[in-house]
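**Q** The following block contains the structure, expressed as structure tokens.
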Amino acid sequence: MLAVATPAIAAPDMNKVVREVFPAAETGFDPAAVHDLYSGTLIQGIFETLYTYDYLARPSKVVPLAADGMPQITDNGRTWTVKLKKGIRFADDPVFGGKPRELTADDYVYSIKRLIDPRIRSPWAFLVEGKFVGLDEVAEQARKSGRFDYDRKVPGIEAVDRHTIRFRLKETDYNLPYILAHEPTSAVAREVIEKYGESDGRALANPVGTGPYRLAKWVRSSKILLEANPHYRGFTWNFASSDPADAALVREMKGKAMPQVGRVEISIIEEDQARLLAFQGDEVDLMNMEGPLAPKVLDGGTLKPEMKAKGVKLSRIVDPELSYTYWNMTDPVVGGLAKEKVALRRAMAMSYNVADEIRVIRNGQAIEARYPIPPGVVGHDPGWKGGIAYDPAGANALLDRFGYKRGADGWRTLPDGKPLVVRLSSRPDTLGRQQDELWKKSLDAIGVRMDVHKDKFPELIKAEKQCKLQMRVASWIADYPDGDNFMQLLYGPNTNQSNNACARIPEFDKLYARTQKMPPGPERDKLYQEMTRVIEAYAPWRLMISRYRNMLVQPRVLGYKRHPILHAHWQYLDVAPQGPNK
């Protein structure tokens, strides 16, 4: 059951605070520009998309958010008409001149156009490219003129009236509801972007949205304070679940006017031990217990007795995500489609023992990823028998065969005799150092010398989008629960966006284009299997794991359940007036 969009009975209590911790810094607050989990979480709390997901429904179910109902679909699925709820207001900002600013259809038209503006270089352009009638033509004109004409009418994204949007698609798109529920399509106000935007059209600071929270204080890469948006319309907590384990949660929350929480305090703590100490010291209410420290808190998949005795709660799922190591396919050393380059990547992939990562780095808090679409996502193949297996002997033989000879020092050279050195980029935290060590051990075993490049998470993301990193461990968590969201990670035109390997593999791209015209089902699944064989043949990456997300929750926090797609959960929570750890 979806939340009922009624005015809140009571204003959020500013004395109710939820304190959360991120293991990596945010990169900004512009829905069109940021491309990381932590910034995306903040955007979900500040801005609003047309649609969202039911908080408790499993599998994930799309429901209206700013939209006043589900879309009206005509013309064989190519025309979608969406009505907006009336009276939704943006948070106050001086740019509005002291007047109330209502959310309108034009705001969504403007916001979606921003995703394809060449000046912004949005990493989310792939969500809209080739989809909406007339939109690509405006983007092409902008590339020629240097200016995107936001006032030019686009037949595919049109404000019919103040509260109605009509989308016209070039082809039926079965994933459009997911796209309209994904935070890059959140509504921003044009006057806010024009006031606070930077020279590249991005507005990474000064977010102004219609969501339940607004940014009150920001110390970059350190502290973020969100406060309840006094103009947020509120809703009544009225979700239902068929899972008996949710019965107590439903009883404690049902019928409450939301949001209850007035303030959200987020700390950036990169070191695992420091995050755990903050939780144990009652400085943090919610945190993800990742593998390195799991044995201190978990006994397999459950909390240790001492944690249960304190009233700590655990919400645990296998995230719909992949962790993988990619190689830059444009790099002169590891990239390209030539046989010797493919052999080098395959050998490196074969040198890596995923079981060691799960055991040593993740402490059992992960499962091996064998297929490029993870469990819990439409299109996953649980019986897939392919994959690149751990085989250091085979890796050495492959390198010998393709001319990567060992020198007197034991290190291999390139086929032309020049030194072979690969460079792994990683974060300067515990996890990054552990990944460095395991990859170095792996590559040492096949005679490939490895250097390490360290940088902060936001800087790595920036360099990654410019195809400047040679090799990096990356993760992708589902934007929406469909296999398309993962297969697009290697689609050539998505280079500089989501295609971190900067791969352009013609066979793969042709197959991917065919899947875009298909609904989910056996026919599309067969193409996904063919695409997987292409990935395994060219080895642009090494599939590694899907992680368990172990969310630790202090006893005072009520209503929390980890959602596989939604990341901002504060508007669904309450804080008990008293408790053992108040």
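**Q** Could you put 321, 198 in order, starting from the residue whose Cβ has the fewest other Cβ atoms within 10 Å? Display every interim value, and only then the final one.
**A** Working: 321 22, 198 14.
Fewest to most other Cβ atoms nearby, the residues stand as 198, 321.
**Q** Listed highest first by mean packing, meaning other Cβ atoms within 10 Å per residue, what order do 376-384, 258-266 come in? Show your work: numbers first, answer last.
**A** On the way: 376-384: 16.2, 258-266: 23.4.
Result, highest mean Cβ count within 10 Å first: 258-266, 376-384.
**Q** If the label point is 7 Å along Cα→Cβ of residue 384, which residues in the stretch 319-359 have backbone nitrogen under 11 Å from it?
**A** Taking a point 7 Å out along Cα→Cβ of residue 384, the residues of the stretch 319-359 whose backbone N falls under 11 Å are 322.
**Q** Which FRET efficiency, nearest 0.05, do residue 99 and residue 339 yield, Cβ-Cβ r, R0 60 Å?
**A** On the way: r = 65 Å, r/R0 = 1.09.
Plugging the Cβ-Cβ distance into 1/(1 + (r/R0)^6) gives 0.35.
**Q** Using the Cα gyration tensor of the stretch 25-103, with a ≥ b ≥ c the square roots of its eigenvalues, what is the shape: rounded (a/c below 1.5), prolate (a/b larger than b/c) or oblate (neither)? Could you put the intermediate results ahead of the total?
**A** Values: a/c = 2.00, a/b = 1.23, b/c = 1.62.
Taking the square roots of the gyration eigenvalues as a ≥ b ≥ c, the stretch 25-103 is oblate.
**Q** Under the rule a/c < 1.5 gives rounded, and otherwise a/b versus b/c splits prolate from oblate, where does the stretch 30-203 land using the Cα gyration tensor? Spell out each step's value before the answer.
**A** On the way: a/c = 1.34, a/b = 1.08, b/c = 1.25.
It is rounded, given that a/c, with a ≥ b ≥ c, falls under 1.5.
**Q** Right, another one. On a full-extension model of 0.36 nm per residue, what is the gain between residue 309 and residue 280, subtracting their alpha-carbon distance, rounded to one decimal in nm? Kindly include the intermediate steps, with their values, before the conclusion.
**A** Details: separation 29, 0.36 × 29 = 10.44 nm, distance 1.29 nm.
Here the answer is 9.1 nm.
**Q** Now, a different point. Which length gain, in nm to one decimal place, applies between residue 257 and residue 223 when the Cα-Cα distance is subtracted from 0.36 nm times their residue separation?
**A** That pair, residue 257 and residue 223, stretches by 9.4 nm at full extension.
**Q** Of 223/462; 456/561; 313/454, which sit over 27 Å apart, Cα to Cα? Let's see the in-between values first.
**A** On the way: 223/462 21 Å; 456/561 30 Å; 313/454 35 Å.
Those over the limit are 456/561; 313/454.
**Q** In degrees, nearest 10, range 0 to 90: what is the angle between the Cα axis of helix 506-515 and the longest Cα principal axis of the chain?
**A** Approximately 30 degrees, to the nearest ten.
**Q** On to the next question. Relative to the longest principal Cα axis of the chain, at what angle does helix 135-145 sit, 0 to 90 degrees, rounded to 10?
**A** 70
**Q** For the stretch 184-318, what class follows from the C-alpha gyration tensor (a ≥ b ≥ c being the square roots of its eigenvalues): rounded when a/c is under 1.5, otherwise prolate if a/b is larger than b/c, else oblate? Walk me through the intermediate numbers first.
**A** Working: a/c = 2.47, a/b = 1.43, b/c = 1.73.
Oblate is the answer for the stretch 184-318, as a/c is 1.5 or above yet b/c matches or exceeds a/b.
**Q** Compute the long axis of helix 522-538 from its Cα atoms, compare it with the longest principal axis of the Cα atoms of the chain, and write down the angle in degrees, 0 to 90, nearest 10.
**A** Relative to the chain, helix 522-538 is tipped by roughly 40 degrees.
**Q** Computed FRET efficiency, Cβ-Cβ of residue 198 and residue 11, R0 25 Å: what is it to the nearest 0.05? Provide the component values of the computation, followed by the final result.
**A** Numbers: r = 34 Å, r/R0 = 1.38.
Calculated value: 0.15.
**Q** Also, quick follow-up: I want to check the label-to-label distance for residue 216 and residue 359. Put each point 7 Å from Cα in the C-beta direction and report it in nm to one decimal.
**A** Output for this residue pair reads 4.9 nm.
**Q** Sort out for me the Cα centre separation of the stretch 467-521 from the stretch 76-124, rounded to whole Å.
**A** Going from one Cα centre to the other spans 27 Å.
**Q** Using 0.36 nm per residue of separation minus the Cα-Cα distance, give me the extension gain between residue 141 and residue 242 in nm, one decimal.
**A** Details: separation 101, 0.36 × 101 = 36.36 nm, distance 5.11 nm.
Taking residue 141 through residue 242 to full extension adds about 31.2 nm, to one decimal.
**Q** Another question, then. Would you list which lysines come within 21 Å of residue 217, measuring only between C-alpha atoms, while excluding same-chain residues fewer than 8 positions from it?
**A** 16, 195
**Q** Go through 119-128, 220-229 and give me the packing order, highest mean Cβ count within 10 Å leading. List each step's numbers first, then the result.
**A** Details: 119-128: 21.8, 220-229: 18.5.
Highest to lowest by the protection proxy: 119-128, 220-229.
**Q** So if we plug the beta-carbon distance of residue 316 and residue 206 into 1/(1 + (r/R0)^6) with R0 = 30 Å, what FRET efficiency do we get, rounded to 0.05? Before the final figure, lay out each step's value.
**A** Numbers: r = 37 Å, r/R0 = 1.22.
My answer for the efficiency is 0.25.
**Q** Under 28 Å from the Cα of residue 517, which lysines turn up, not counting those fewer than eight places away in the same chain?
**A** Straight-distance partners of residue 517: 61, 83, 113, 131, 153, 170, 385, 465, 526.
**Q** Based solely on its DSSP helices, what 222 nm [θ] is calculated for the chain when runs of n ≥ 4 H residues each add -39,500 (n - 2.57) and the sum is averaged over all residues, nearest 500 deg cm²/dmol? Could you put the intermediate results ahead of the total?
**A** Values: 16 runs with 145 residues, N = 582.
It comes out at -7000 deg cm²/dmol, rounded to the nearest 500.
We did not get these values from a lab; they are worked out from the coordinates using the rules stated. These numbers come from a predicted model, not from an experiment. For neighbour counting, all protein chains shown are included, and Cβ atoms are generated from backbone atoms with ideal geometry for every residue, glycine included.
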